[in-house]
Amino acid sequence: MPPIIDPTKCTGCGVCVDVCSEDVFFGSKKGKVPVVTYPEFCVHFNCCAYECPEEGAIKVRIPLPLQLLYKGGDR
Amino acid sequence: MENGALSEELIQTDVLCIGGGIAGLMAAIRAGELGAKVVVAEKGNTLHSGRGRAGNDHFWCYIPEVHGADMELFLKDCLKGPKLKLMQAGTSMSVLRTFLEKSFDIVKLWDSWGIPMKYQGRWEFAGHSFHGDVLTHLKYEGLKQKTVLTERAMEKKVEIMNRVMIFDLLRNKDGVIGAIGIHTREDKIIVLQAKAVILGTGFVDRLYPPSVPGWLASVAGSLTLTGDGRAMTYRAGAELVGPEIPRRHVGPRYFARYGQATWVGVLRDTHGKPIGPYVTKPDKRYGDMTPEVKGVLLEDYMKSGKGPAYMDCRGISDEDYEYMMHWLVHEGNSSLIDHMKEEGIDLRKNPVEFGTYQMVPEGKIWINEKAETSIKGLYAAGDESMGGIGPSASYGWIAGESAATYAKEAPAPKIEKTRAEIEERKNLVGEMRTRKQGPDWKEANIALQQIMQDYAGPVRSEVLLEAGLSYVQRLKKKVATTMVAQNQWELTRCLETLNLLDLGELVFIAANERKETRGLHNRPDYPLTDPMLEGKGLFVKQVRGEPVLEWRKIA
Ligand SMILES: Cc1cc2nc3c(=O)[nH]c(=O)nc-3n(C[C@H](O)[C@H](O)[C@H](O)COP(=O)(O)OP(=O)(O)OC[C@H]3O[C@@H](n4cnc5c(N)ncnc54)[C@H](O)[C@@H]3O)c2cc1C
Ligand code: SF4
Ligand code: SF4
């Protein structure tokens, strides 16, 4: 469920916790890998990922019910 | 938390901006620049909050060198467009004119602050317009706008208080003198004393069921935008206009996103036939205006069995494809692009299904050209009084100017005189935090959403609206005495839900009064559009605890 943090890359700097306006990481402690307390309230605007200083430490996964519906390229 | 004891913090300022979105920050910058002491109370973090949190790309504005010297003609042309016409219903012509006159100055300011307003060195206009018609929206690179505005506000010595949700205004008999809020993380009540208050709390995103049933955050905007400003304003006795008018947006089905005008493609049915008459091939200058004319068409297609409608970008030139992808990022759609990459969706090959999103009430806080509401010392700007980024930025600026000027002369407010009101609100939140059992905010919010959808949704009639109103009122009573918040995050959601309940009630009351069918306000019991209501707005305000309605001409 969104967002996903890679604990091997995350330094626990807390920047994502700071910028998430939905406060999906409510209750997280600085210095530790953030906890995703309210995953279903993520609105997927990537703001945490934009601000994370560690390449690839956080990404936003789109949950199944929200995934795009599309047609194959054949006409 | 023990005994419901929230500590209290008192803050004093000249100007209080509630909400640090586009309008709120612009207001704060301007008021700060004019020498006022300014506090911004923001429930999230101004760096990434509100509907501009991850960028926008269309800025409605009037640039004489592009549009010609006749602003009146331009305004007339703008209001021909169905989107702007609807968005600005409930806004007076003098406010619209004041905005347009100001807009180019704001464009130049933003550009000088480092929000790129030019594309390849020129003013680039595209989208939201029909072929052959005037182009109304400037393309701009809004991705970093919130960072720029936040830094600018700090330069002007504005105090930004993030994680503070304001939930009521405090007033004396003359006007507004402050507001009360909670910290969204710490067990704290915040009382703010201010000579002038500017509301910039944005949209109402959680009143109707969103695109994915049961997934409250599947909104195109924000989970935390719940019309708080409108609800507070109403409770404080100021006028709202048009809460009964619904709007519906269109975009990728289920993955709700704004930015329909950023897509370069044609909306086609499943057989490849365009569903509207406006475009037959992708054109970067003019997107498909069909959803702006009738967004609900896509839902009608599904309901009638015609099947899904697709945004079809096939046949797009390489250059236009790059153009679209560039702007989608600035329009806050980068996660959508990441998702497409991961799933192997290529817009040059794969048409993506579009759908009609949930209803949002258009109802606004009534302002005059100085951004004054009908209560002294209270100003409003942005989505809650006049939608879109250009109007939000421009009117935020104007509100900041008016509030700072007013605050210079205003007497020092005596907030302690409102002690009884403060205590009453402290009790309300204290009780929610200490109750052990009862429904949480989510239960209350979903219960409200289903009543809104089924009784004041796509079909409205006197019997439906009367039944719905009594259900919402009953729900409201129950929720007020039973809702439980385990922590400050939940308490924030609870207070938002209480605001939504107030706004929901207003939708019912006003929708029943509008005895006609107009746009999406569909009354089978009054199927005609009443010509006598043309150009009129339905105003509502609270007098001695009761809503009072009045039809007035919007000039
Ligand atoms: C993805 C996306 C793309 C868009 N693209 C465009 C576009 O290209 N062109 C265009 O014209 N419009 C666009 N819009 C709409 C545009 O973003 C809004 O019109 C604009 O942001 C409104 O500004 P605002 O200041 O009124 O509200 P917002 O920018 O939404 O800010 C409201 C602020 O108030 C805060 N707040 C709310 N309630 C409280 C409270 N009780 N206490 C404290 N703080 C509170 C919120 O956290 C938020 O920071 C887009 C919207 C989205 C979501
Ligand atoms: S994508 Fe946005 S809402 Fe989701 S966790 Fe990141 S910052 Fe929060
Ligand atoms: S911003 Fe990145 S590194 Fe910092 S806590 Fe979040 S995920 Fe970890």
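The values are calculated or read from the model by the stated rules, or taken from the named source; none is laboratory data. Quick caveat, the model's predicted, so the values are computed rather than measured. Neighbour counts are summed over all protein chains in view; Cβ atoms, including those assigned to glycine, are modelled from backbone coordinates with ideal geometry. Calculation scope for accessible area: heavy atoms of the full protein, side chains included, ligands and nucleic acids excluded. Shrake-Rupley method; radii C 1.70, N 1.55, O 1.52, S 1.80 Å.
So the values come out like this:
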read-out: Mean projection area, nm², convex hull over Cα of chain A; value: 5.9
read-out: Rounded to whole Hz, the Karplus (6.51, -1.76, 1.60) HN-Hα couplings of region A:19-29, x for glycine and proline; value: 8, 6, 6, 6, 6, 4, 9, 3, x, 5, 10
read-out: Cα-based helix-to-principal-axis angle, B:334-343 vs chain B, degrees rounded to 10; value: 50
read-out: Dipole moment magnitude, nearest 20 debye, region B:198-299 about Cα centre, only Lys, Arg, Asp, Glu C-beta charged; value: 300
read-out: Residue-normalised accessible area of chain B, given per residue in Å² at a 1.4 Å probe; value: 37
read-out: Nearest-0.05 FRET efficiency for A:GLN67 and B:ARG235, computed from C-beta distance (R0 45 Å); value: 0.65
read-out: Expected-Rg normalisation [2.2 N^0.38 Å, Cα atoms] applied to region B:419-525; value: 1.22
read-out: Lys, Arg +1 and Asp, Glu -1 on Cβ, resulting dipole of the protein assembly as shown about Cα centre, debye, nearest 20; value: 560
read-out: Rounded to whole Å, sorted largest first: equivalent-ellipsoid semi-axes of chain B, Cα gyration tensor; value: 36, 28, 23
read-out: Chains B and A, summed buried accessible surface - 1.4 Å probe, Å², nearest 100; value: 4000
read-out: Whole-number Å³ per residue for the convex hull built on Cα positions in region B:370-471; value: 193
read-out: For region B:111-175, the spread of Cα positions along each principal axis, largest first, Å; value: 53, 30, 21
read-out: B:ASP133 accessible area, assembled protein chains, probe 1.4 Å, Å²; value: 40
read-out: Heavy-atom accessible area ranking, 1.4 Å probe, most first, across B:LYS408, B:LYS515, B:LYS43; value: B:LYS408, B:LYS515, B:LYS43
read-out: Accessible surface, 1.4 Å probe, highest first, among residues A:HIS44, B:HIS249, B:HIS326; value: B:HIS326, B:HIS249, A:HIS44
read-out: Average silhouette area of the protein assembly as shown, convex hull of alpha-carbon atoms, in square nanometres; value: 26.8
read-out: Alpha carbon centroid spacing (whole Å) that separates region B:364-442 from region B:202-233; value: 18
read-out: Estimated [θ] at 222 nm from DSSP helical runs (n ≥ 4, -39500 (n - 2.57)) normalised by residues in chain A, nearest 500; value: -2500 deg cm²/dmol
read-out: Normalised per residue, the volume of the convex hull around the Cα set of region B:250-356 (Å³); value: 93
read-out: Cβ-placed point charges (K, R +1; D, E -1), dipole of chain A about Cα centre in debye, nearest 20; value: 180
read-out: Eligible lysines near B:LYS426 by straight Cα distance, threshold 21 Å, same-chain separation 8 or greater; value: B:LYS43, B:LYS188, B:LYS414, B:LYS417, B:LYS436, B:LYS476, B:LYS477, B:LYS478
read-out: Spacing of the two label points (7 Å from each Cα toward its C-beta) at B:THR147 and A:GLU55, in nm; value: 1.8
read-out: Share of carbon and sulfur in the accessible heavy-atom surface of region B:250-356 [1.4 Å probe, %]; value: 47
read-out: Cα coordinate range in region B:23-89, projected on the principal axes (Å, largest first); value: 39, 27, 22
read-out: Region B:419-525 - percent of accessible surface contributed by carbon and sulfur, probe 1.4 Å; value: 51
read-out: Residues of region B:42-91 buried by at least 40 Å² on assembly (accessible area, 1.4 Å probe, chain alone as reference); value: B:ASN45, B:HIS48, B:ARG53
read-out: Chain B: relative contact order in percent, alpha carbon pairs under 8 Å with at least 6 residues between; value: 21
read-out: Calculated [θ] (222 nm, deg cm²/dmol) that DSSP helices of n ≥ 4 give over chain B, each run adding -39,500 (n - 2.57); value: -11500 deg cm²/dmol
read-out: Excluding exposed DSSP-loop GluC sites (Glu not before Pro) (at most 11 other C-beta within 10 Å), longest clean stretch of chain B; value: B:3-533
read-out: Alpha carbon centroid spacing (whole Å) that separates region A:1-60 from region B:1-44; value: 26
read-out: Portion, in percent, of the accessible area of chain A that falls on carbon or sulfur, probe 1.4 Å; value: 56
read-out: Estimated D of region B:102-249 in µm² per second, where Rh is the Kirkwood radius over Cα pairs and Stokes-Einstein applies at 25 °C, 0.890 mPa s; value: 129
read-out: Rg [Å, one decimal], Dmax [Å, integer] - region B:172-239, C-alpha atoms; value: 15.0, 45
